[in-house]
Amino acid sequence: TNVPGLFAAGECAAGMHGANRLASNSLLEAVAFENFASEASRKKFESNQDPEFPRIPEWSTKGVFDQKEWVIISHARQEIQSFMWNLVGIVRSNSRLEMAKARIDILLKEITEFYHKNPVTYEVIELRNISQVAELVIRSALLRKESRGLHYNQDYPKKDDLNWKRDTVLSEVESEGQKELI
């Protein structure tokens with residue numbers, strides 16, 4: 001990735017097949033990218049005998065929710081799965097993508113608050129990651145004004161090689177004290 005020391009493999013590194021990626025292609029991509037990532041990380045750590053890792057602060061349990069509040073995790077996960085399937089699936093429209101964007105923005109706020117008030121568990125981190133990836137997929141789909149491969153936008157039914165035959169890259173920038181994706 002463009003983050004030093006962060007390597008990607010599997011579904012998050014998909015790209016060999018571009019927009020024509022199908023489930024059957026996943027194995028090839030997982031094996032190939034795993035190999036690329038492992039070789040690059042091996043070389044990186046062999047050349048740097050004492051890698052520097054960021055200090056992780058002690059976890060504070062101040063303000064921890066009651067166990068009854070943990071239903072939020074399963075509810076939010078089911079909601080994300082549902083609207084990603086129904087609103088951001090293979091056949092899309094701008095109005096459905098905007099609905100999904102509005103909902104993921106609310107969920108991201110709720111999940112972030114939950115994340116900061118609860119002990120770190122696998123489920124909490126997984127939910128945070130799922131919500132962030134969903135937001136990136138929705139944002140990317142809204143930016144692309146065409147239909148390509150298996151991703152069809154009813155508002156832009158044609159392929160547009162002139163303007164869109166390229167990867168979509170989102171970067172985080174800080175503007176006026178706020179972080180945003182561009």
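Based on alpha-carbon atoms, the Kirkwood radius and the radius of gyration of segment 104-151 give Rg/Rh equal to 1.14. Spin-label model, Q132 to Q154: label points 7 Å out along the Cα-to-beta-carbon direction sit 3.3 nm apart.
Under 1.5 on a/c is rounded, so check that first for segment 63-162, then, if it is not, pick prolate when a/b is larger than b/c and oblate when it is not; a ≥ b ≥ c are the square roots of the alpha carbon gyration tensor eigenvalues.
Prolate shape, in that a/c is at least 1.5 and a/b is the bigger ratio.
Amide H to amide H, with H built 1.01 Å from N, S93 comes under 5 Å of Q154, counting only residues 5 or more places away or on other chains. Rounded to 0.05, the FRET efficiency of the L142 and V31 pair, given R0 = 45 Å and the Cβ-Cβ distance, is 0.90.
When nucleic acids and ligands are ignored and a 1.4 Å probe is applied, D105 ends up with an accessible area of around 70 Å².
The values are calculated or read from the model by the stated rules, or taken from the named source; none is laboratory data. These figures come from a predicted structure and were not determined experimentally. Here Cβ is always computed from backbone atoms with ideal geometry, including for glycine, and neighbour counts include all displayed protein chains. Protein only, heavy atoms only, side chains kept; ligands, DNA and RNA dropped before computing areas. Shrake-Rupley method; radii C 1.70, N 1.55, O 1.52, S 1.80 Å.
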